[in-house]
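Note sheet for the following structure.
The values are calculated or read from the model by the stated rules, or taken from the named source; none is laboratory data. Note that this is a predicted model, so its numbers are computed, not measured. FYI the Cβ positions are ideal-geometry reconstructions off the backbone, even for glycines, and counts take in every protein chain you see.
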Amino acid sequence: MNQTRPESLASFWMPFTNNRDFKASPRLLVSAEGMYYKDVEGRAILDGTAGLWCVPCGHAQPKIVAAVREMVGQLDFAPTFQMGHPSAFDLADKLMAYTNGRFGHVFYTNSGSEAVDTALKIALAYHRARGEGTRTRLIGRERAYHGVGFGGMSVGGIGGNRKHYGPLLPGVDHLPHTHNLEKNAFTRGEPEYGAHLADELERIVALHDASTIAAVIVEPVAGSTGVLIPPKGYLKRLRELCTKHGILLIFDEVITGFGRLTTPFAADYFDIEPDMMTTAKGLTNGTVPMGAVFSKQFIHDTFMQAPAGIELFHGYTYSGHPLACAAALATLEVFEEQKILDHAKSMQPYWEDAIHSLKGLPHVIDLRSIGLVAGIELEPVAGKPGARAYDAFKKMFADGVLTRVTGDIIALSPPLTLEKQHIDELFGKLEKVLRGLD
Ligand SMILES: Cc1ncc(COP(=O)(O)O)c(C=O)c1O
């Protein structure tokens, strides 16, 4: 593989990237192992973000690498439309077992965005199949990120991701976000203030009537917008209201699934039963693109009562791709054999202390943490939102650490395999960079 500096950077139109700035001073990664990337200069880069939240078991995990290698030589591709291959079924059983039987069925996609759009479509088709075809409204939340498909964008709540693309889906409404620095700054875990914001669903129901609402979708912990942790009791209240009004509750677990909060899913952490969960990222440890929608038994049962024939007119050429299935099966084994969640739990207090040790540093207006996630919110430079955190991101990379920024928030989400020395390295460098910011 060509892993030297490319001859030209011109042709690749990079996603969610300031292309001109990047191409003027590129950051190129050429290999990865364990907790570190290597860049094109040969420098070790500590991975403070598990890639894009997607490598819980660490990079180049030998078992996962071997499983993908073996599968590509054996079954490079097999359709799953009116056909099948064993590993897709094996994986589905294992995933359902991983939820302790709380979910009955899984639908494969190739990304988080596709998982979200799939779950929204299942919600609409479910209500229609049971004779409540008036339930077509979808409810998202301000500041939410649900990927980049038209469904996910529409229920999403980040203005910059929406405003360029016209009216989006009709019949979508949004709950308010729960971020409140005045009440909740510098909280460890779930903040005290804000459970009442779930009651805004009652207002939306009063406006549109429950008989028009199909589903509510929320990230249990909102990640991409900058790590917003749900107030105590908020998600339980949302669950109660959805049940009361016959509305499906979808948890978008694309970043919280597979251990980010030190439990298999956020649903386990908060002890809530959503009706569907969307997942991706950590499902294959980031090695092969894959997403999955987990569905409760009763939803699937509804579709299976239809007259004989195709029950759900939906799917992707690569739904259940053999390489993705091999990677996901191996990932589940690694989680179990290496007790990844136990390790993550054992690191959590040290991680949390390290984050909150940044209190008092220049420009830091909030520190928040849950599981192995952290959000560090900086005071924006007047008139230049996002500039200060972007500066921090570039300085951290120059210092050998990969972080992620959104607006003026630095989000950290390392592989769950990290050790204390990695936490020390990350926060040692971060403290230095924060002290040096303009
Ligand atoms: C909560 C959530 N949903 C959906 C997505 C979209 O996933 P993908 O980029 O795989 O399409 C993301 C990506 O970060 C996410 O965080």
Residues of the stretch 206-225 being within 16 Å of the ligand (Cβ to nearest atom) and assigned to a strand (DSSP E or B), in sequence order, are A215, V216, I217, V218, A222
Looking only at the stretch 141-158, decide whether some residue is under 24 Å from I272 (Cβ atoms), more than 14 Å from the ligand (Cβ to nearest atom) and in the same structural domain as P307 (by TED's automatic domain parsing).
-> yes
Can T317 be described as assigned to a helix (DSSP H, G or I), among the hydroxyl-bearing types (S, T, Y) and touching a Pro at 6+ places or on another chain (Cβ under 9 Å)?
-> no
Unique residue being farther than 17 Å from V254 by Cα, small (G, A, S) and modelled with pLDDT under 95 when the list is G58, G48, G101, G73 = G101
Would you mind finding the one in A92, A115, A78 that is buried (at least 17 other Cβ atoms within 10 Å of the Cβ) and touching a residue at least 24 places away in the same chain (Cβ under 8 Å)?
-> A115
Among the residues of the stretch 239-263, write down those that are within 16 Å of the ligand (Cβ to nearest atom) and not hydroxyl-bearing (S, T, Y).
-> L249, I250, F251, D252, E253, V254, I255, G257, F258, G259, R260, L261
Has the stretch 298-315 got any residue that is touching a helix residue (DSSP H, G or I) at 6+ places or on another chain (Cβ under 6 Å), touching a residue at least 12 places away in the same chain (Cβ under 8 Å) and within 15 Å of P56 (Cβ to Cβ)?
-> no
G282, sole failed condition from (1) among the small types (G, A, S); (2) under 30 Å from A66 (Cα atoms); (3) more than 13 Å from the ligand (Cβ to nearest atom); (4) assigned to a helix (DSSP H, G or I) | (3)
Residues of the stretch 177-200 being under 27 Å from A354 (Cα atoms) and among the charged types (D, E, K, R), in sequence order, are E182, K183, R188, E190, E192
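Matching residues to (1) within 21 Å of T302 (Cβ to Cβ); (2) hydroxyl-bearing (S, T, Y); (3) not assigned by TED's automatic domain parsing to the domain that holds T406:
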| residue | (1), (2), (3) |
| --- | --- |
| A78 | no, no, yes |
| L91 | no, no, yes |
| L95 | yes, no, yes |
| T99 | yes, yes, yes |
| G112 | no, no, yes |
Of all the strands (runs of 3 or more DSSP E) wholly in the stretch 10-51, which have at least 2 residues that are more than 23 Å from the chain's Cα centre (by Cα)?
-> 29-33, 36-39
Taking the stretch 52-68 and keeping only residues that are over 21 Å from the mean Cα position of the chain (by Cα) and either farther than 16 Å from E33 by Cβ or touching a residue at least 24 places away in the same chain (Cβ under 8 Å) (or both), one is left with K63, V65, A66, A67, V68
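Yes or no, residue by residue, for (1) in contact with a Lys or Arg (Cβ under 6 Å, 6 or more places away or on another chain); (2) surrounded by fewer than 19 Cβ atoms within 10 Å (Cβ to Cβ); (3) in contact (Cβ under 8 Å) with a residue 12 or more places away in the chain; (4) within 23 Å of A115 (Cβ to Cβ):
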| position | (1), (2), (3), (4) |
| --- | --- |
| K183 | no, yes, no, no |
| L197 | no, no, yes, no |
| R203 | no, yes, no, no |
| V218 | yes, no, yes, yes |
| P231 | no, no, yes, no |
| K236 | no, yes, yes, no |
May I ask you to verify whether A119 is under 26 Å from P322 (Cβ atoms), among the small types (G, A, S) and within 11 Å of the ligand (Cβ to nearest atom)?
-> yes
Go through the residues of the stretch 160-171 one by one and say whether even a single one is touching a residue at least 12 places away in the same chain (Cβ under 8 Å), more than 12 Å from the ligand (Cβ to nearest atom) and crowded, with 19+ Cβ neighbours inside 10 Å.
-> no
For the stretch 260-280, enumerate the residues that are crowded, with 24+ Cβ neighbours inside 10 Å, farther than 21 Å from I122 by Cα and not hydrophobic (A, V, I, L, M, F, W, C).
-> R260
In this structure, does G131 turn out to be in the same structural domain as M277 (by TED's automatic domain parsing) and away from the ligand (no atom under 16 Å from the Cβ)?
-> yes
